[in-house]
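The values are calculated or read from the model by the stated rules, or taken from the named source; none is laboratory data. Since we're looking at a predicted model, the values are computed, not measured. Positions of Cβ are generated from backbone atoms using ideal geometry, with glycine treated the same way; all protein chains shown enter the neighbour counts.
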Amino acid sequence: MNRAVKIGMAGTGTALLALGGIGAYNVVQAMSSGTTGSGETKAARGFDPAAVSSEPPSDAKAVKLARAFLDNWSKQRFDQAASDTDASATAVSALRGYADGLHLKTLTFKQVTSAGPSTVTAGATKVTFDVTAQVAGGTWTYPSAVAVRQSTNGQLAVHWNNSVLYPGLGDDQSLTAGKLPVGASTAEVVASDGKTDLARFSSLHDIVATIRKNTTATGGSTGTGVAVVDASGEGVKSLKVFTKGKAPLIRTTIDASLQAVAETAVKDAHLQDKPAGTVALDWRTGHILAIAHTGSDGDIAINGIKSPGSTMKIITSAALFDQVGLSPNSPAPCTDSLTANSQLFHNDSGVRANAASTLAQAFTVSCNTAFIKDGFHYLVHDGDASALHDEAVNVFGMGSWSIGGGVATTDPSIPADVQGGDQAAQFIGQGQVTATPLFMASVAATVRGVGFHQPVILPGQHQDTAPRPISARTAGYLQSMMRNVATSGTAAPRLGGLAGVGAKTGTAEEGDHTNGWLTAYNSRIAVAALVEGGSSGVDSAGYVVRHLLTGG
C-alpha cells in the first residue's frame, strides 16, 4: 500500500463546486518568480486575511492569479505557489503531500476560466480548470476549481482548503496513487454460496450496507489507481482505477435461492400490496436463510414489532406442558366468550364452542377462550403473571439478540409484570405482548429442532443460548399439535398436503384493523410471516409462508 503524506487543512469553507483539470498554458516566467513583467510585487504577497473585501475580484484578475498559482504548482515550486494563497504554511505542506502521495511525475492544467462569483466562498471569484496528473500507475484527469478573493487593499489570494487539491477532500484526508489501499475497494456482501452479491435483493439493501460497514472482509486482491485515504492511511474511496482488483468478500448465511423466493412471496397478489415481512431460518443451526419485506416503514421482518396473536399459543402451550404438567389431551373448554380480570374475550368468527375440547383441539382451531381459561387458571398465581415471560426467556431464548454485522433487530416483549386484563390477553398474543417475524420463526425453529439456536446472519457469529433446553416431551407435543394445524386446522387451506409441515396461524387486533401471522416449519426451514392489515393469518401470511415452504 502506498501511504500518502498527510494533508493539512485550513479554513472550513469549501472553495470548489465544479471539478476541473490542469491545462498547459504559457505564463511569463517573471510572473511565477514573484514579480510581474513591470517589476511590481505579486498581489497575493500583500493580501491581508484580516481585511477581506466583500467584493469579488474581477474575472481577469482572478484568472491571472489562478494561472500563476497553478503554474508554480505544476512546476513543483511549492513555496511560490503557497505564497499565492491565504494560508501559505498550510498550503506548502499540502502541495508537497499531494506530490509525494501520488508519486507525481507531471502536472498540467487546461481551460483555466472564470465562473463568476463563488456561491460557496463569500466575496470570491470562482476559477475552474481541468487537471491532468501523471501519477504512479497511470494518468489521472479531473475537473477542479479554486476561489480567489481580495483584501480591502486590493491584493488577491487563492482561498486555501483541502478541496484545492481535489474537490471535496475532507479534513485529515489525503491522496495516494499506485496500489489501492485497504478499504478503497467496496467489499461484496455475498450469500452462503460465496458468490451471489446480496445487493441485488431490494429487501437486503440496508442490511448489506450495514454489514459492509461493520464487518471485516476477507480475500480479494487490490488493484491500482488513485484513492482518498484517512489520517491512518486506511482507504476511504477510490477515485480512479488503473487496474481492477477483486473485491473482498463478506459471506453471510443467506440462501440466494430462498431469498429470491422470499422477495417474490412478500409481493404475492393475494396481499393486495399490504406491508409484509418474512424470515426463514435453518432450524438446525439458527442461520438466517432469507429476510424479505415490503412497505415504507422499514424492515418489518426483523423490526416490525406487533402483537403476534395466536402464534403465541405455541409458547403458552409450552408453559402449560413444562410448568403445569398438562398434555395435549388435557381439558381446554372452548366457549364463545370468557371474562378474565373484568375483560371480555371472544373467539374469531368461525370458531365453534366445544365444552369437551382438549388443549390439542383448541390449538388446532385456535380457540382463544380455551387458552385464556387454562393460561389464566394455571399460570397466574396471586396476581403474578410472569410464567409466560419465563417460558419465553428460559426455553425460547427471548432476549436482546445480535444477529451479526451490526444489523439492528427489535427485541420481542412479554412483560413479566403485566396487570389487569393483559394478564389474560398475553396467552393469545395480545395486550402488551409484541414480537417480530424473526422471533416467531425462531419459536417454530425451537420446536422443530428440539432446541433454541439464536438466529444469526454471519457464520461464526456468537449465538446466545437459552437457560433451559426445551424438553423432548414438550417439543413432541408441540410438533404433533402444529402438524394438526397444517393438515386439518386453521393453516390447512394454505399448507394442507405439504409433507412434514407444522404450523400455527395468528390474527391480531391492532386499532381498527387486524394483522395476519403464520409461522411454520418443514424438514429444512422454519419460517414466519406478518402481513399488516391481513384479514386473517391463513388468508394473508399463509400465502407468503407457502411460497417459502415450497420453494416457489
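Considering only segment 220-234, state which residues are within 12 Å of A187 (Cα to Cα) and either of a type in the set (K, R) or crowded, with 19+ Cβ neighbours inside 10 Å (or both). Reasoning before the result, please.
First, the residues of segment 220-234 that are within 12 Å of A187 (Cα to Cα): 220-222.
The one that is within 12 Å of A187 (Cα to Cα) and either of a type in the set (K, R) or crowded, with 19+ Cβ neighbours inside 10 Å (or both): T222.
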Exercise for the section: Determine the pairs where a residue that is among the basic types (K, R), located within segment 202-230, has a partner that is not in a helix (DSSP H, G or I) with Cβ atoms under 9 Å apart, the partner being 6 or more residues away or on another chain. Expected result: R212/T186; R212/A187; R212/E188; R212/V189; R212/I250; R212/G405; K213/G405; K213/G406
Exercise for the section: Take segment 510-540 and flag every residue that is assigned to a strand (DSSP E or B) and either over 30 Å from the mean Cα position of the chain (by Cα) or more than 17 Å from M440 (Cβ to Cβ) (or both). Expected result: H513
Handout entry: Unmet criterion (only one of (1) touching a Leu at 6+ places or on another chain (Cβ under 7 Å); (2) modelled with pLDDT of 95 or more) for I22
Key = (2)
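Within segment 361-378, take every residue that is within 40 Å of the chain's Cα centre (by Cα) and part of a helix (DSSP H, G or I) and give me the one that is nearest to R468 (Cα to Cα). Don't jump to the end; show me each part of the working.
Residues of segment 361-378 that are within 40 Å of the chain's Cα centre (by Cα), as a first pass: 363-368, 371-372, 375.
From what's left, part of a helix (DSSP H, G or I): 363-365, 368, 371-372, 375.
Values: F363: 24, T364: 27, V365: 29, N368: 28, F371: 24, I372: 25, G375: 21 Å.
Looking at residues that are within 40 Å of the chain's Cα centre (by Cα) and part of a helix (DSSP H, G or I), I get G375.
Do you know which residues across segment 381-416 are among the β-branched types (V, I, T), under 27 Å from N329 (Cβ atoms) and out of contact with any Phe, Trp or Tyr (no Cβ under 9 Å at 6 or more places or on another chain)? Break it down into steps so the answer makes sense when it comes.
Going residue by residue through segment 381-416, those that are among the β-branched types (V, I, T) are 393, 395, 403, 407, 409-410, 414.
If we keep only those that are under 27 Å from N329 (Cβ atoms) as well, we get 395, 414.
Scanning segment 381-416 gives a single hit, I414.
Just checking, does segment 212-219 include any residue being assigned to a strand (DSSP E or B) and either in contact with a helix residue (DSSP H, G or I) (Cβ under 9 Å, 6 or more places away or on another chain) or buried (at least 20 other Cβ atoms within 10 Å of the Cβ) (or both)? Full working, then the answer.
Going through segment 212-219, the residues assigned to a strand (DSSP E or B) turn out to be 218.
Narrowing the set further to residues that are either in contact with a helix residue (DSSP H, G or I) (Cβ under 9 Å, 6 or more places away or on another chain) or buried (at least 20 other Cβ atoms within 10 Å of the Cβ) (or both) leaves none.
Taking every residue of segment 212-219 in turn, none turns out to be assigned to a strand (DSSP E or B) and either in contact with a helix residue (DSSP H, G or I) (Cβ under 9 Å, 6 or more places away or on another chain) or buried (at least 20 other Cβ atoms within 10 Å of the Cβ) (or both).
Could you tell me which of the residues L239, L204 is assigned to a strand (DSSP E or B) and not assigned by TED's automatic domain parsing to the domain that holds P167? Break it down into steps so the answer makes sense when it comes.
Details: L204 fails: assigned to a strand (DSSP E or B).
Unique residue meeting the criteria: L239.
For every residue, the table says whether it meets (1) assigned to a loop (DSSP other than H, G, I, E, B); (2) in the same structural domain as F452 (by TED's automatic domain parsing); (3) more than 44 Å from the chain's Cα centre (by Cα).
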site	(1), (2), (3)
A301	no, yes, no
A319	no, yes, no
Q323	no, yes, no
T339	no, yes, yes
F345	no, yes, no
G350	yes, yes, no
Problem - Residue count, segment 384-432 (criterion: part of a loop (DSSP other than H, G, I, E, B) and either of a type outside the set (F, W, Y) or over 30 Å from I211 (Cα atoms) (or both)) - result: 30
Problem - Hits in segment 464-508 - residues which are out of contact with any Lys or Arg (no Cβ under 7 Å at 6 or more places or on another chain) and of a type in the set (K, R) - result: R468, R473, R483
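Do we find a residue being surrounded by fewer than 16 Cβ atoms within 10 Å (Cβ to Cβ) and over 19 Å from the mean Cα position of the chain (by Cα) anywhere in segment 449-463?
Just the residues of segment 449-463 that are surrounded by fewer than 16 Cβ atoms within 10 Å (Cβ to Cβ), to begin with: 459-460, 462.
Filter once more, so that each one left must be over 19 Å from the mean Cα position of the chain (by Cα): 460, 462.
Yes.
Assess whether T128 counts as being β-branched (V, I, T), more than 18 Å from H103 (Cα to Cα) and either in contact (Cβ under 8 Å) with a residue 40 or more places away in the chain or outside the structural domain of F47 (by TED's automatic domain parsing) (or both). First the steps, then the outcome.
Numbers: β-branched (V, I, T): yes; more than 18 Å from H103 (Cα to Cα): yes; either in contact (Cβ under 8 Å) with a residue 40 or more places away in the chain or outside the structural domain of F47 (by TED's automatic domain parsing) (or both): yes.
Taking the combined requirement at face value, the residue satisfies it.
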